Each structure stands twice: as C-alpha cells, then as structure tokens.
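Colleague: Before anything else, here's the structure in question.
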Amino acid sequence: DNFNVADVTLDGKTTTTGSKTWAVVDPIEGFTGESFEVVSNKLRSPHTLTFSMDVVDTGDADGTIEVTIATAGNLRGGIAFRVQDGDNYWRFYFEGASNAFFLQKVIAGSSSSPFSTAGSIADGDTLKVVLNGDEIKVHHNGALLWTENDNDLNTQTKHGLWAINPGASPTYYLDDWSFTAAAPTSSAGGRSGSRVVRPSAYGANIDPASNS
C-alpha cells in the first residue's frame, strides 16, 4: 500500500495493490486501539490514545512484510504480524525513546522480547520481517538482525502496522507497506534464537521503554 489517497483513517481503506481491507485492532493489551491515519500520502498514528494497530488479512501466514520509514521523527512503532487479536500477536519495531529495535511476542496480553538491539534510524530506512514456518527473520535496511524460531501464532494470516503513543504529536511518517506471500514450510516446534553478526551501528540487547 503506498497510501496515495486523500487524507483518511486507515481502518476500512482498501490497499492500493491486492484490494485488501485494512481493519483497526481494538482493544490492544487492555488499552483502546486507534487506527492509523493517512496524512499527505503517508501514515502516522494519532497521539490521543496509547496504541495503534491496523492489519489486513492476507490469507497467508508466511511471506515478507516491509515498510519504509519516510520520516523518522519520534517513531515508536513498526510492523505487526501474525496477529490473532490485540492480546496475541508479534511486532518488530523501532523504539525512539530507547534508540533500539525490538522483536516482541504478545501472548494473552503479556509481551516478551526475544530480541532487542541498540541502533538508530534515518528518513528512508526500511524495516522487514520474513516469515517461513516457525522461522522469523527481522531486518533493518536489508541487514539481518536476528533469526527467531517459534511456533506461536504461526498460522495467523493478519499482518500490518503497530505503534505506541510517542508522548507528543507524532512527527514520524511511514510509507510503502507491503506483504509478499511465500510458499509455507514447517520446522520443529519450540522457541530458539540465533544471534547474527550485526554491523557496528547496532549495539547490545536493551530493555524497551515503558508502554504507558
């Protein structure tokens, strides 16, 4: 979706490719969820509530999800994937309050962080998640940051975008969200992680900022 439409709330909008319909997720982890909004052909979340998440049902659990950070600003968000509901989903995002990337899993409303690393973003950067059975690969600007193996929610077909209130009027914008389906494969169950050699721009694992 390139969001090249008149300013509109994302909920109910049809994607520019594939004719899928965006739907807001509400509630999210016990908080009211609010839809993203299209402003000048780019996407941001309103700052009035705590969380924003919109998804499309792609019909595929496996594939590649990518989004462009058009304006970095005060971004605290990124990609939501394998979303069952607001209490059960995965997310890969940049946390501006901590200057770090996080891969998090939410189960029954409780989040855990299989992976995080210090880093930075700039206008035009990309976030990408590649899903293949139990395998989850997360990338920043094409660089592989982490490979996670976990069978939780691995049949869920809803993917999209997630953000947390940045604590002020949002100054970030997202653009060019895409999902490309892949032939599904399966692997052994259970969770394991494998760290990869990351460029020097990335640092050690750190804790996320508060979600409130």
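Colleague: Keeping every protein chain in place, order Lys105, Lys158 by accessible area at 1.4 Å, biggest value first, i.e. largest first. Write down the numbers at each step before the final one.
Modeller: Details: Lys105 25, Lys158 80 Å².
Order by accessible area, largest first: Lys158, Lys105.
Colleague: Let me ask something additional. With the crude spin-label approximation of a point 7 Å out along Cα→Cβ, what separation in nm comes out for Ser111 versus Ala143?
Modeller: Between Ser111 and Ala143, the simple spin-label model gives 2.3 nm.
Colleague: OK, next. Would you mind pulling out the separation of the Cα centroids of the range 51-94 and the range 107-143, in Å?
Modeller: 10
Colleague: What ranking of Ser112, Ser52 comes out by heavy-atom accessible area, probe 1.4 Å, highest first? Please report the intermediate quantities before stating the final value.
Modeller: Details: Ser112 55, Ser52 5 Å².
So the residues, ranked largest to smallest area, are Ser112, Ser52.
Colleague: Under a cut-off of 15 Å between alpha-carbon atoms, report the aspartates and glutamates in cross-link reach of Lys20, not counting same-chain residues fewer than 8 places apart.
Modeller: Asp1, Asp11, Asp54, Asp57, Asp60, Asp176
Colleague: Related question: Accessible surface of Asp11 in the full protein assembly, 1.4 angstrom probe, to the nearest 10 Å²?
Modeller: 70
Colleague: Taking the structure as given and computing Cα Rg over 2.2 N^0.38 Å, which label from [x] 1.19; [y] 1.34; [z] 0.93 fits?
Modeller: [z]
Colleague: Based on the Cβ-Cβ distance of Asp60 and Asp85, what FRET efficiency does E = 1/(1 + (r/R0)^6) give at R0 = 22 Å, to the nearest 0.05?
Modeller: Details: r = 18 Å, r/R0 = 0.84.
FRET efficiency, Asp60 to Asp85: 0.75.
Colleague: Okay, next question. Spelling out what I want: for every residue of the range 77-91, take phi, set θ = phi - 60°, compute 6.51 cos²θ - 1.76 cosθ + 1.60 (Karplus), and round to whole Hz; glycine and proline get x.
Modeller: Per residue, the Karplus-derived 3J(HN,Hα) values read x, x, 9, 9, 8, 6, 8, 8, 6, x, 10, 9, 5, 10, 8 Hz.
Colleague: I would also like to ask the following. Tell me, in nm to one decimal, what length is gained between Asp7 and Asn151 on full extension, where the rule is 0.36 nm per residue of separation less the Cα-Cα distance?
Modeller: Details: separation 144, 0.36 × 144 = 51.84 nm, distance 3.81 nm.
Here the segment from Asp7 to Asn151 would lengthen by 48.0 nm.
Colleague: In whole percent, how big is the carbon plus sulfur part of the accessible area of the range 1-112, probe 1.4 Å, protein atoms only? Don't jump to the answer; show the numbers that get you there.
Modeller: On the way: 1730 of 3960 Å².
After summing per-atom areas, the C and S share lands at 44 percent.
Colleague: If contacts are Cα pairs under 8 angstrom and at least 6 residues apart, what is the relative contact order of the chain in percent? Don't skip to the end; give the middle numbers.
Modeller: Numbers: 613 pairs, mean separation 54.4, N = 212.
Value for the chain: 26 percent.
Colleague: ³J(HN,Hα) across the range 34-50 via Karplus (A = 6.51, B = -1.76, C = 1.60, θ = phi - 60°), whole Hz, x for Gly/Pro?
Modeller: Residue by residue, the range 34-50 yields 10, 6, 5, 9, 8, 9, 6, 6, 9, 10, 8, 9, x, 9, 7, 10, 6 Hz.
The values are calculated or read from the model by the stated rules, or taken from the named source; none is laboratory data. Source: prediction; values computed, not measured. Because the Cβ atoms are built from the backbone with ideal geometry, glycine has one as well, and the counts that use them run over all protein chains shown. Areas reflect the complete protein model, heavy atoms only, side chains present, ligands, DNA and RNA absent. Shrake-Rupley method; radii C 1.70, N 1.55, O 1.52, S 1.80 Å.
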